[in-house]
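Encoded as structure tokens, the structure appears first; notes follow it.
Each reported figure results from applying straightforward, stated rules to the coordinates on display, with no laboratory input. The model shown is predicted, which means the values in this text are computed figures rather than measured ones. Positions of Cβ are generated from backbone atoms using ideal geometry, with glycine treated the same way; all protein chains shown enter the neighbour counts.
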Amino acid sequence: VRQLARVEIANRGEAAVATVTGEVDMSNAEAIGGRLAGSVPNTARALVLDLRGVTYLDSAGVRIVFSLDERLSRRGQRLVLVVAEGANVERVLDLTGVAAVMPVERTVEAALARVGGGPA
Amino acid sequence: MARRRISNRVSELISARREAEVEERRGRAQLEQRRALSEAESARRDLEEVFRHLPVGVIIADARTGRLVSANAEVDRIWRQPFVDEGATAGYASYRGFHPEDRRPYAPEEWPLARSVATGEIVDREVIDVVRGDGTHGTIEASSCPIHDDDGEIVAAVVAFADVTERTRAERALRLLAETGELLDSSLDVEQTIERITQLVVPPLADVCSVYIVEDERTARRIAVSGADESFDELVADMLRRGPIDVTDERNPIAEVIRTGRSAAIGDMGGQIVEDIAEDPEQAALLARLGVNSTAIAPLVARGTTLGALLLGAFGERRALEERDLPLVEEIARRAALALDNARLYNQEHRNAELLQRSLLPERLPPLDAAEATARYVASGAGEQVGGDWYDVIRLPDGRTGLVIGDVAGHGLRASAAMGRLRSALRAFALESESPAVVLERLNAFERRLGDRDMATVLYAVHDAADGTLRLASAGHPAPLAVVPGEGARQLGAARGLPIGVRGRARFEEAVEPVAPGTTIVLFTDGLVERRDEPLDVGIERVAAAAAEAGGGDLERLCETLLHAALGGARPADDVALLVFRPLEIDAARFDAAVAADPEALSSLRQRLRLWLRAGGAPADAVEEIVTACGEACANAIEHAYGPADAALAVHGEIESGSLELVVADRGAWRATRSEDRGLGLTIMRALMDDVSIDVDDDGTRVRMQRRIVREPAA
């Protein structure tokens, strides 16, 4: 099994935390999007999406972030991104307007504090 | 005299004429009146006829007395019982209706007609479940309104209703299926999904719903039970308390459905049902007390396998479940089965993958500066047991790269644990020593002294980009192949030493092979070349021939080609690990790559571009931005590639006096306006590069991008 990217899911209080590492492009974006959407329990208030370990993200990846946000907000759940400062991923999210419409934090803890999820 | 007589005669005549006229007028008036009466009578009769034959049931109530005074024939037809003018509220009491939401019976004052009479309410198409005079169940849709006199007093009210049984049944079935379908898309775990399905089914379709899943050949376990309301709590608790059912039990109808895979509806024939379905006398008493009237059972079938059964029970006043309900019940069962099946597949793959990822295989290969590498792991088709095969790529100082391929004897958790241990140990020793033979000796000593003395074959090789050599040593592992484009494939010479873990002290020979840039090294475990009915050499020859033919193309493609040549698309009998590695030729001034228009090819293309940009002196942040812009252009080329003839794209780059020009060419047409998503890609490209232009002609599309990579000092 070739792995371009890896997704890990953890439940932290009332939020799910998904950590994506590796490269996200048109070859795996859809699968990752599906995995992420499926990772949020109906009872969770939010999904914290930690992209600090993502070394490549293009418009296919941006699309899944947008559609994930749409899907979650339909269910009354929030999406908070965690992105490293100055990373290429941050640049792409800025350019495509994601950062303008979605909350972006520097750490998972800050993201959890924003959604009011308790500690693990 | 005569004149007078005449005059008398005239006046007689006149008066007679007058009388006749009066008479005639009177007669005409009478006739008119009679005609009017008869017309009114006939209109009334017509109206009555219309009333009688209206295709909807109509009942009229007198507001003064509250009595139901008139009903048409359709009323009796819909209700299958004669209309009786019984006076007061008794008329309502002879009809049995239920609120569909909670199956609560209609009280006399709750009927639409009674409400219109009492309060003047206008009722618009109220849906009412009914039990007809003959005991059958149906659904009506009723509308009613009051009739006012000139003073505005309510003098009467009228209700019209239609039988909507079939339509309602179809609508409810569709809604139920839509809801169960949505459940499958939701992110609930399998137990929650099954439980929600049982909750959806009651009360719309049944009073009690239960799902059983097969545990082994003999038993099936209940995983969810739901009741329509609290009156079924006792039964639900009773069912949940009971152990698994015996699938081999000839008398158990659930067991029979699981055995045969055929659904069944069991109606109440002379009180027999309780005996048919109860598991013991205690449950029989409970079922009888609750008034069970029928059950429907459908198998949970996914991909030809019966995973369990869905049981529905109808009680008391509810319409009995019958043969014609089975298609709907089967469809709901199929959805439940799908949820179970997905979860099983997921769990199984997950377990395998988890074991592998956690301790055995690198999450992904590290990016290499002067080489590319890719790997595959194919689990054997035999059961869920993970084998002990592994591969690894280790970045070493001074442009060297360590390549590892290994195979621990045995399967399952122990082999996995040994693999994880050996992999970590080898990585540590690789950083300590430049000699592959020394690394393997230390690995052997480690396993003998500190490990569980598991046996493993390992090949370790170190590529040095500086002098273009590959040093390798083997602990009982098959030698790798070197593929030089145009020259074919050959096995690299490395004497096979003893496997790791066999002897306390082991010595390994080391070989040094020249490996020129562009040469591909193929490392594999014997699962790739081993077939039960032929010698190992034949398998190695087969893979070597496929590798030679594939030559110097894309490494991802090469992996697929080799796996296909060796396994023919089938699951291998033993696990297979495959690692391919190629030192790159880098011309710092020019970059050329032609790859298949396949998303899978993008990652290694990006890696090659990174290497080239670094070699050309681009700073790290510029490298990533240029790679992203190029990735977008390539993604677009792939999205609009039409067919196999178009399915290639070429990337050409040049760096001249600190300026980069990058051209991505394909043979399709650019689709800038196809969707806003592509707009997203273009936005990214424009923002990251100094200049982007798109040329489209008959040959295809060329995206030309320019950027200064060496920033001039600020003026």
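Summary table
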{"quantity": "Convex hull per residue volume in Å³, alpha carbons only, for the range B:546-621", "calculated": "124 Å³"}
{"quantity": "For B:Asn72, residues with placed amide H under 5 Å, excluding near neighbours", "calculated": "B:Val58"}
{"quantity": "Globularity ratio of chain B, using Cα Rg and 2.2 N^0.38 Å", "calculated": "1.64"}
{"quantity": "Cα gyration tensor, the range B:12-113 - rounded (a/c under 1.5), prolate or oblate", "calculated": "prolate"}
{"quantity": "B:Ala409 long-range amide H proximity, modeled H, under 5 Å", "calculated": "B:Met455, B:Ala456, B:Thr457"}
{"quantity": "Under Karplus coefficients 6.51, -1.76 and 1.60, residue-wise ³J(HN,Hα) of the range B:689-694 in Hz, glycine/proline x", "calculated": "10, 6, 8, 10, 10, 10"}
{"quantity": "HN-Hα J in Hz across the range B:120-134 - Karplus 6.51, -1.76, 1.60, θ = phi - 60°, x for Gly and Pro", "calculated": "x, 4, 9, 9, 10, 6, 7, 8, 10, 7, 10, 10, 7, x, 8"}
{"quantity": "Degrees separating the helix B:326-355 axis from the principal Cα axis of chain B, which is the longest one", "calculated": "20 degrees"}
{"quantity": "Residue-wise HN-Hα coupling along the range B:621-635, computed from phi with Karplus coefficients 6.51, -1.76, 1.60 (Hz; x: Gly, Pro)", "calculated": "5, 5, 4, 5, 5, 5, 4, 5, 4, 5, x, 5, 4, 5, 4"}
{"quantity": "Global geometry of the range B:10-72, whether rounded, prolate or oblate, following the gyration tensor of its Cα atoms and the 1.5 cut on a/c", "calculated": "prolate"}
{"quantity": "Translational diffusion of the protein assembly as shown, µm² s⁻¹ [Kirkwood Rh, Cα pairs; Stokes-Einstein; 10 °C; 1.306 mPa s]", "calculated": "47 µm²/s"}
{"quantity": "Rh by Kirkwood over Cα pairs, then Stokes-Einstein D for the range B:417-459 at 1.002 mPa s and 20 °C, µm²/s", "calculated": "209 µm²/s"}
{"quantity": "Two-site FRET efficiency, B:Arg427 against B:Gln199, from Cβ-Cβ distance with R₀ of 56 Å, rounded to 0.05", "calculated": "0.60"}
{"quantity": "Bins of 10 Å, starting at 0 and running to the largest distance - Cα pair percent for chain A", "calculated": "14, 52, 31, 3"}
{"quantity": "Cα shape, the range B:433-557, gyration tensor, a/c 1.5 rule", "calculated": "oblate"}
{"quantity": "Span-like helix ranges in chain A, DSSP H, alpha carbon extent 15 angstrom or more, Kyte mean at least -0.5", "calculated": "A:59-74"}
{"quantity": "Amide H contacts of B:Arg667 (H built 1.01 Å from N, under 5 Å, at least 5 apart or other chain)", "calculated": "B:Ala648, B:Thr701"}
{"quantity": "Helix-only mean residue ellipticity at 222 nm for the protein assembly as shown, each DSSP H run of n ≥ 4 adding -39500 (n - 2.57), per residue, nearest 500", "calculated": "-12500 deg cm²/dmol"}
{"quantity": "Degrees, to the nearest 10: B:602-615 long Cα axis against longest axis of chain B", "calculated": "40 degrees"}
{"quantity": "Sites matching trypsin sites (Lys or Arg not before Pro) across the range B:502-543 that sit in DSSP coil, with at most 14 neighbouring C-beta atoms within 10 Å", "calculated": "B:Arg503, B:Arg505, B:Arg507, B:Arg532"}
{"quantity": "Debye log10 I(q)/I(0) for the range B:127-222, one point scatterer per Cα, at q = 0.18 Å⁻¹", "calculated": "-0.95"}
{"quantity": "Packing rank of B:508-516, B:303-311, where each peptide gets the mean count of other beta carbons within 10 Å, highest leading", "calculated": "B:303-311, B:508-516"}
{"quantity": "Inter-chain shielding of B:601-608 (mean C-beta neighbours from other protein chains, 10 Å cut-off)", "calculated": "3"}
{"quantity": "The range B:228-275 - Rg over Rh from alpha carbon coordinates, Kirkwood radius", "calculated": "1.02"}
{"quantity": "Folded to 0 to 90 degrees: helix B:2-53 orientation relative to chain B principal axis, Cα", "calculated": "30 degrees"}
{"quantity": "Test item: A:55-68 mean partner chain Cβ contacts at 10 Å", "calculated": "5"}
{"quantity": "B:Arg52-A:Arg114 FRET efficiency (beta carbon distance; Förster radius 56 Å; 0.05 resolution)", "calculated": "0.20"}
